[in-house]
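K.L.:
Before I ask anything, here is the structure I am working with.
Where a number appears in this text, it was derived from the coordinates with a stated rule and is not lab data. A quick note: this is a predicted structure, and the numbers were derived from the prediction, not measured. In this analysis, Cβ positions are derived from the backbone assuming ideal geometry, glycine residues included, and neighbour counts consider all displayed protein chains.
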């Protein structure tokens, strides 16, 4: 059915998963930093985080992808030229990960901000009253409960991020969308190969949903028992 291109598509799928996971790691870091900034009493950091989330969530992902890839390459090489260094081609994998991580960092900012706000303030104040440091309060009180509140929104953002990895083919990364395009051009059967890509994406998201559902049940186990 796939006329020998099945292995090629699976290799592209592995690269797609790698892009998604690397982007997720960056997005989580930016999301935590952004949530801390939004909850900060500093007008500067609060304002900066608000501008970040507002702008990023208002600009299409593809536009940002192209801006980072082409605009970033121009900016980097202009700096290198001033320093007398050689021209540098930005790797599509790096550009794709940086763009997706930057975009979804804005979404995770709101996810973590909402999850932190959902933790009862009295528990945090009680922890501080017992002499716990801010780090200890976060590790023992805020963090575990924030995780429980954040998982539903986290799941949604992760699924959207996985699907958005299809955009990296636009900047030359040889992911499964790019592989499918090559196979479709060679065999003139685009429906077959793009259907195969759809099935692979569905498989990735289905496994993700099952894994995250199991995680949600695990972190909510004590709460559900206490509620009975």
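K.L.:
So if R0 is 45 Å, what FRET efficiency would residue 123 and residue 203 give, r being the distance between their Cβ atoms, rounded to the nearest 0.05?
P.N.:
On the way: r = 40 Å, r/R0 = 0.89.
The value I calculate is 0.65.
K.L.:
Just to confirm my numbers, what's the Cα centroid distance between the range 52-92 and the range 13-35 in Å?
P.N.:
The range 52-92 and the range 13-35 have Cα centres separated by 18 Å.
K.L.:
For the range 95-138 and the range 168-192, compute the distance between their C-alpha centroids and round to whole Å.
P.N.:
Computed from Cα coordinates, the inter-centre distance equals 39 Å.
K.L.:
Helix-only mean residue ellipticity at 222 nm, the chain, DSSP H runs n ≥ 4 weighted -39,500 (n - 2.57), per residue, nearest 500. What is it?
P.N.:
Details: 11 runs with 177 residues, N = 228.
Counting only the DSSP helices, I get -26000 deg cm²/dmol.
K.L.:
Determine, from the Cβ-Cβ distance of residue 210 and residue 59 and an R0 of 45 Å, the FRET efficiency 1/(1 + (r/R0)^6), rounded to the nearest 0.05. Walk me through the numbers on the way to the answer.
P.N.:
Details: r = 32 Å, r/R0 = 0.72.
It comes out at approximately 0.90.
K.L.:
With bins 5 Å wide starting at 0, give me the P(r) of the chain over every alpha carbon pair, in whole percents.
P.N.:
Answer for the chain: a P(r) of 1, 6, 11, 14, 15, 14, 12, 10, 7, 5, 3, 1, 1, 0 percent.
K.L.:
At R0 = 41 Å, how high is the FRET efficiency between residue 74 and residue 182 if r is their beta carbon distance? Nearest 0.05 is fine.
P.N.:
Details: r = 28 Å, r/R0 = 0.68.
Efficiency at R0 = 41 Å is approximately 0.90.
K.L.:
Right, something else. Quickly work out the residue 67-to-residue 219 label distance, labels modelled 7 Å from Cα along the C-beta direction, and quote it in nm with one decimal.
P.N.:
3.1 nm
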